[in-house]
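The values are calculated or read from the model by the stated rules, or taken from the named source; none is laboratory data. Fair warning: this is a prediction, and the values are worked out from it, not measured in the lab. Cβ coordinates were reconstructed from backbone atoms using ideal geometry, including for glycine residues, and neighbour counts include every protein chain displayed.
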Amino acid sequence: MSKTDVRYGAELRKRARAVDRSRTRAYECPKCSKKSVRRVSNAVWACRSCGAQIAGGTYSLFTPSGEVAARTVKDHAKTRAAQAEKSVQ
Ligand SMILES: [Zn+2]
């Protein structure tokens, strides 16, 4: 049963349960790779083992749009590094 009092519709209660599960489960830490990252508050996640604080989604540590953003940042860093190398030569 979901903590929130969701009424009127099995599908809505099912979705609330899924959100609850994703919000309360422990995720693998990107730093120490232990399964001990838990939700602190809205979009704030912290590792109970190494103390790392991570910005994630509201109800889950990773979101599809967050992964797109991370990839964009990574690609940008790669491009910048290549440009820096080119200007040295
Ligand atoms: Zn950790």
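If only residues of the range 14-41 that are within 13 Å of F62 (Cβ to Cβ) and assigned to a loop (DSSP other than H, G, I, E, B) are counted, the one that is modelled with the lowest pLDDT is P30. Figure legend. Inter-residue proximity from the range 41-70: first residues free of Cβ contacts under 8 Å to residues at least 40 places away in the same chain, second residues part of a helix (DSSP H, G or I), beta-carbon distance below 6 Å, spacing 6+ or different chains. Indicated pairs: S60/S22.
Evaluated against (1) within 16 Å of the ligand (Cβ to nearest atom); (2) among the small types (G, A, S); (3) loosely packed, with under 11 Cβ neighbours inside 10 Å, G56 falls short on exactly one condition, (3).
Taken over the range 42-76, residues that are under 20 Å from A18 (Cβ atoms) and outside any helix (DSSP H, G or I) amount to 11.
Checking each residue in the range 59-89 for being under 22 Å from A26 (Cα atoms) and surrounded by 10 or more Cβ atoms within 10 Å (Cβ to Cβ) picks out Y59, S60, L61, F62, T63, G66, E67, A70. Restricting attention to the range 30-49, which residues are within 11 Å of the ligand (Cβ to nearest atom) and touching a Ser or Thr at 6+ places or on another chain (Cβ under 6 Å)? Across the range 30-49, the qualifying residues are C32, K34, S36, C47, R48, S49.
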